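Down below is the structure, laid out as C-alpha coordinates.
The values are calculated or read from the model by the stated rules, or taken from the named source; none is laboratory data. Please read all numbers here as calculations on a predicted model, not as lab measurements. So basically every Cβ, Gly included, is an ideal-geometry build from the backbone, and we count neighbours across all protein chains shown.
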Amino acid sequence: MVMTNIMLVDDEEPFVETMTKRLTKKGFNVIGVLSGDEALNKLESNRMIDLVILDVKMPGKDGIETLQTIKKRFPLVEVVMLTGHATVESAIEGMRLGAFDYLMKPCEMDQLLAKIGEAKDKKHLHEEKIKAAKIKELSSQFD
(Lines give C-alpha, C1' and ligand atoms only; values in the text may rest on other atoms or scores of the structure.)
Protein backbone atom coordinates (compact mmCIF):
# COMPACT_ATOMS: atom_id res chain seq x y z
CA MET A 1 0.00 0.00 0.00
CA VAL A 2 1.33 3.42 -0.98
CA MET A 3 1.48 5.88 1.89
CA THR A 4 -0.57 9.05 1.50
CA ASN A 5 1.46 12.23 2.01
CA ILE A 6 -0.56 14.99 3.64
CA MET A 7 0.31 18.59 4.40
CA LEU A 8 -1.71 20.16 7.21
CA VAL A 9 -1.78 23.97 7.08
CA ASP A 10 -3.20 25.91 10.02
CA ASP A 11 -1.97 28.90 12.03
CA GLU A 12 -3.05 27.23 15.32
CA GLU A 13 0.04 25.27 16.38
CA PRO A 14 -1.70 23.05 18.99
CA PHE A 15 -4.26 22.00 16.34
CA VAL A 16 -1.48 21.17 13.84
CA GLU A 17 0.43 19.15 16.47
CA THR A 18 -2.65 17.20 17.60
CA MET A 19 -3.92 16.46 14.09
CA THR A 20 -0.43 15.50 12.88
CA LYS A 21 -0.18 12.93 15.70
CA ARG A 22 -3.70 11.58 15.07
CA LEU A 23 -3.23 11.27 11.30
CA THR A 24 0.24 9.74 11.69
CA LYS A 25 -1.26 7.07 13.99
CA LYS A 26 -3.74 6.33 11.17
CA GLY A 27 -0.82 5.57 8.85
CA PHE A 28 -0.40 8.84 6.97
CA ASN A 29 2.83 10.72 6.38
CA VAL A 30 2.01 14.23 7.64
CA ILE A 31 3.87 17.52 7.32
CA GLY A 32 2.46 20.26 9.53
CA VAL A 33 3.00 23.93 8.65
CA LEU A 34 1.69 27.14 10.19
CA SER A 35 1.18 29.48 7.20
CA GLY A 36 0.23 29.64 3.55
CA ASP A 37 3.71 30.81 2.53
CA GLU A 38 5.36 27.96 4.44
CA ALA A 39 2.97 25.50 2.74
CA LEU A 40 3.88 26.79 -0.73
CA ASN A 41 7.62 26.58 0.05
CA LYS A 42 7.25 22.98 1.30
CA LEU A 43 5.22 22.00 -1.78
CA GLU A 44 7.97 23.41 -3.98
CA SER A 45 10.62 21.31 -2.23
CA ASN A 46 8.48 18.19 -1.65
CA ARG A 47 6.71 17.05 -4.82
CA MET A 48 5.36 13.92 -3.10
CA ILE A 49 2.48 15.69 -1.31
CA ASP A 50 -0.87 14.14 -2.33
CA LEU A 51 -3.25 16.26 -0.31
CA VAL A 52 -3.30 19.57 1.53
CA ILE A 53 -5.68 20.12 4.45
CA LEU A 54 -5.89 23.90 4.51
CA ASP A 55 -7.37 26.28 7.07
CA VAL A 56 -9.35 29.12 5.48
CA LYS A 57 -8.69 31.83 8.11
CA MET A 58 -4.99 32.53 8.63
CA PRO A 59 -2.98 35.72 9.04
CA GLY A 60 -0.89 36.72 6.05
CA LYS A 61 -1.73 34.58 3.02
CA ASP A 62 -5.14 33.14 3.89
CA GLY A 63 -6.49 29.76 2.79
CA ILE A 64 -8.25 31.07 -0.33
CA GLU A 65 -5.08 32.80 -1.60
CA THR A 66 -3.01 29.72 -0.75
CA LEU A 67 -5.52 27.46 -2.53
CA GLN A 68 -5.34 29.60 -5.68
CA THR A 69 -1.55 29.34 -5.78
CA ILE A 70 -1.56 25.59 -5.06
CA LYS A 71 -4.02 24.91 -7.88
CA LYS A 72 -2.01 27.09 -10.28
CA ARG A 73 1.43 25.64 -9.44
CA PHE A 74 0.52 22.08 -8.32
CA PRO A 75 -2.74 21.24 -10.12
CA LEU A 76 -2.75 17.54 -9.16
CA VAL A 77 -2.53 18.24 -5.42
CA GLU A 78 -5.99 17.95 -3.90
CA VAL A 79 -7.02 20.46 -1.23
CA VAL A 80 -9.56 20.02 1.56
CA MET A 81 -10.50 23.35 3.14
CA LEU A 82 -11.00 23.45 6.93
CA THR A 83 -12.43 26.27 8.94
CA GLY A 84 -13.87 27.15 12.29
CA HIS A 85 -15.35 30.31 10.81
CA ALA A 86 -17.22 28.81 7.88
CA THR A 87 -19.38 30.97 5.75
CA VAL A 88 -21.33 29.76 2.78
CA GLU A 89 -19.47 32.34 0.68
CA SER A 90 -16.00 31.06 1.56
CA ALA A 91 -17.13 27.45 1.03
CA ILE A 92 -18.47 28.29 -2.42
CA GLU A 93 -15.38 30.34 -3.25
CA GLY A 94 -13.04 27.51 -2.19
CA MET A 95 -14.93 24.94 -4.25
CA ARG A 96 -15.05 27.32 -7.25
CA LEU A 97 -11.28 27.72 -7.05
CA GLY A 98 -10.67 23.98 -7.10
CA ALA A 99 -10.85 22.75 -3.50
CA PHE A 100 -11.81 19.07 -3.34
CA ASP A 101 -14.14 19.68 -0.42
CA TYR A 102 -14.80 21.78 2.65
CA LEU A 103 -15.10 20.73 6.31
CA MET A 104 -16.04 22.61 9.48
CA LYS A 105 -13.64 22.62 12.45
CA PRO A 106 -13.80 20.69 14.61
CA CYS A 107 -14.60 17.88 12.20
CA GLU A 108 -15.09 14.25 13.07
CA MET A 109 -11.97 12.16 12.41
CA ASP A 110 -14.04 9.63 10.42
CA GLN A 111 -15.35 12.42 8.21
CA LEU A 112 -11.83 13.76 7.62
CA LEU A 113 -10.49 10.26 6.89
CA ALA A 114 -13.28 9.72 4.34
CA LYS A 115 -12.42 13.01 2.59
CA ILE A 116 -8.72 12.10 2.58
CA GLY A 117 -9.53 8.77 0.94
CA GLU A 118 -11.81 10.34 -1.67
CA ALA A 119 -9.28 13.07 -2.50
CA LYS A 120 -6.45 10.52 -2.80
CA ASP A 121 -8.60 8.40 -5.16
CA LYS A 122 -9.35 11.46 -7.32
CA LYS A 123 -5.65 12.38 -7.52
CA HIS A 124 -4.73 8.77 -8.39
CA LEU A 125 -7.35 8.70 -11.17
CA HIS A 126 -5.98 11.93 -12.67
CA GLU A 127 -2.42 10.57 -12.53
CA GLU A 128 -3.51 7.35 -14.27
CA LYS A 129 -5.25 9.32 -17.04
CA ILE A 130 -2.10 11.40 -17.58
CA LYS A 131 0.08 8.25 -17.74
CA ALA A 132 -2.31 6.63 -20.23
CA ALA A 133 -2.28 9.76 -22.41
CA LYS A 134 1.54 9.87 -22.36
CA ILE A 135 1.78 6.19 -23.27
CA LYS A 136 -0.69 6.68 -26.11
CA GLU A 137 1.26 9.69 -27.34
CA LEU A 138 4.56 7.81 -27.22
CA SER A 139 3.18 4.72 -28.91
CA SER A 140 1.69 6.81 -31.74
CA GLN A 141 5.22 8.02 -32.55
CA PHE A 142 6.15 4.44 -33.52
CA ASP A 143 3.15 3.79 -35.80
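Computed quantities for the displayed model
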{"item": "From the options Gly36, Gly27, Gly98, residue that is surrounded by fewer than 20 Cβ atoms within 10 Å (Cβ to Cβ) and in contact with a Ser or Thr (Cβ under 9 Å, 6 or more places away or on another chain)", "result": "Gly27"}
{"item": "Breaking point among (1) over 19 Å from Val9 (Cβ atoms); (2) part of a helix (DSSP H, G or I), for Asp143", "result": "(2)"}
{"item": "Leu76 being touching a residue at least 12 places away in the same chain (Cβ under 8 Å), within 16 Å of Thr4 (Cα to Cα), surrounded by 14 or more Cβ atoms within 10 Å (Cβ to Cβ) and in contact with a strand residue (DSSP E or B) (Cβ under 9 Å, 6 or more places away or on another chain)", "result": "no"}
{"item": "Scope the range 92-102; condition under 15 Å from the mean Cα position of the chain (by Cα), among the hydrophobic types (A, V, I, L, M, F, W, C) and at pLDDT below 90; matching residues", "result": "Met95"}
{"item": "Search result, residues across the range 44-72 that are in contact (Cβ under 8 Å) with a residue 24 or more places away in the chain, loosely packed, with under 14 Cβ neighbours inside 10 Å and over 21 Å from Asn29 (Cβ atoms)", "result": "Pro59, Gly60"}
{"item": "Those residues of the range 1-18 which are in contact (Cβ under 8 Å) with a residue 24 or more places away in the chain, crowded, with 19+ Cβ neighbours inside 10 Å and not in a loop (DSSP other than H, G, I, E, B), in sequence order", "result": "Ile6, Met7, Leu8, Val9"}
{"item": "Test: residue in the range 56-74 that is among the β-branched types (Val, Ile, Thr), closer than 21 Å to Ile130 by Cα and either at pLDDT below 95 or in contact with a helix residue (DSSP H, G or I) (Cβ under 9 Å, 6 or more places away or on another chain) (or both)", "result": "yes"}
